[in-house]
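Asker: Have a look at this one before I ask anything.
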Amino acid sequence: MDFLHRPVPHLGKTAFRLGLAFSYGVDPSSAESALERGVNYLFWTSRSSAFKPVIQAAMKKDREKLIIASGPLIGYFGATIRSGCESLLRELGTDYIDVFHLFWLGITSAYTDGTVETLLKLKEEGKIRAIGTSIHDRPRAGRLAEDSAIDLFMLRYNAAHPGAEQDVFPHLEKRKPAVVAYTATAWRKLLKPPKGWDGPGMSAGDCYRFALSNPSVDVCLTGPADRAQLDANLAALEKGPLSAEEMEWIRRYGKAVHG
C-alpha cells in the first residue's frame, strides 16, 4: 500500500490515513469534498449532527468503504454501552459501527468484566466491528495493547509528546491492535515556533506527516477549521513520509516546544 492508505485487519477495511473529526469548524460541504477525495475514517461525536446527511449519503453509496468511529459519552456499565450503541445505530441509520469506543478510559469509561462482556456481545451480534478506546494513561495503554479485547487505541501522539513510542508502540507486536493518533498539532502549539527557536516552524501538514511516518500509526485525525485547512492537510500528505533530515529537525523542534 502507499503512504496514504493502510489496511486495518481488525476492521477488514483499508483506511485513508488522515481521519476526519467534525468538531472544529469544518462545514458539511467541505466534509463531503473530503469523502470524495478518499477520506473514509470518520470520528463521530454528539456534536457532529450537522454532518449526518453527508454521512448517510456516503453510506448509501458504499457503506463498506466508510469507517465510522464513535461511542457513548459515558461507558461505565454494560447497559449504558449497549443503549449507547443502539442509539447510535438508529441515529446514523446503519447496521453497525466500525469502531465503538470506551472514551477516555479511566475517566469517562471503565474496562471491566461487565463492559467488556457487553462489547464482545455487540461484536458477536454484528453491531460493532472493533472495540476501541481513547486513553491518556500510556503505561496502561501499553499493558492493554498486549493483553485485552481492545482492537484499536486512540492516543495522543505528536512531535512534542512522543511518549507513546516508548510506552505503547513496543507493546503492539503481540496482538497488533490498530492505532489512531490525535492532537497532531499539540492543540496548535507546534504551529508557533517557541521562544529562542532559530529556524522554520512546523506546518499542520508537517505534524500529520510526523505522526503517519511512524509505522505503528494507522490513522491520524485532523480537525480542520475550514476548507482551506482541509485542502492544505490533504496536499501535505502527498509529500509522503518525512525524510531523515525532516525527522531530525522536527524532533528537535518538538522538544523545544515541549520545553
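Each reported figure results from applying straightforward, stated rules to the coordinates on display, with no laboratory input. What you see is a predicted model; the values in this text were computed from it and never measured. Don't worry about glycine lacking a Cβ; one is built from the backbone with ideal geometry, like all the others, and counts go over all protein chains shown.
Asker: Can you tell me how much longer the chain between K65 and D147 gets when fully stretched, taken as 0.36 nm per residue apart minus their C-alpha distance, in nm with one decimal?
Answerer: Length gained, K65 through D147: 26.6 nm.
Asker: Just need the relative contact order of the chain here, percent rounded to a whole number, with Cα pairs under 8 Å and 6+ apart.
Answerer: Normalised by residue count, the contact order of the chain is 20 percent.
Asker: Right, something else. Would you calculate a helix-derived [θ] at 222 nm for the chain, using -39,500 (n - 2.57) for each DSSP H run of n ≥ 4 and dividing by the full residue count, to the nearest 500?
Answerer: -11000 deg cm²/dmol
Asker: Let me ask you something else. For the range 1-63 and the range 141-192, write down the distance between their C-alpha centroids in whole Å.
Answerer: Cα centres, the range 1-63 to the range 141-192: 21 Å.
Asker: Suppose every K and R has +1 on its Cβ and every D and E has -1 on its Cβ; what is the size of the dipole of the range 1-115 about the Cα centre, in Debye to the nearest 20?
Answerer: Dipole of the range 1-115, to the nearest 20 debye: 100 debye.
Asker: Rounded to the nearest 5, what % of the DSSP beta bridges within the chain are antiparallel ones?
Answerer: Details: 5 of 32 bridges.
Restricted to the chain, the bridges split so that about 15 percent are antiparallel.
Asker: Which lysines have a Cα lying under 28 Å from the Cα of K176, excluding residues fewer than 8 positions away in the same chain?
Answerer: Straight-distance partners of K176: K13, K65, K121, K123, K127, K239.
Asker: E238 versus E32, label points 7 Å from Cα toward the beta carbon: distance in nm?
Answerer: Result for the modelled spin labels: 2.3 nm.
Asker: For the chain, set up a GNM with springs between Cα atoms under 10 Å and report which of S134, S148, S216 has the largest fluctuation.
Answerer: Sorting by GNM fluctuation, first place goes to S148.
Asker: Which shape class, rounded, prolate or oblate, goes with the range 157-216 when its Cα gyration tensor gives a ≥ b ≥ c as root eigenvalues, a/c under 1.5 marks rounded, and past that a/b bigger than b/c marks prolate?
Answerer: Numbers: a/c = 2.93, a/b = 2.37, b/c = 1.24.
Taking the square roots of the gyration eigenvalues as a ≥ b ≥ c, the range 157-216 is prolate.
Asker: Moving on to the next point. Relative contact order for the range 202-246: what percent, with Cα pairs under 8 Å and sequence separation of 6 or more?
Answerer: After rounding, I find 52 percent.
Asker: Gaussian network model of the chain, Cα springs within a sub-10 Å range: biggest mean-square fluctuation belongs to which of V179, V54, V168?
Answerer: In this elastic network of the chain, the residue with the biggest mean-square fluctuation among V179, V54, V168 is V54.
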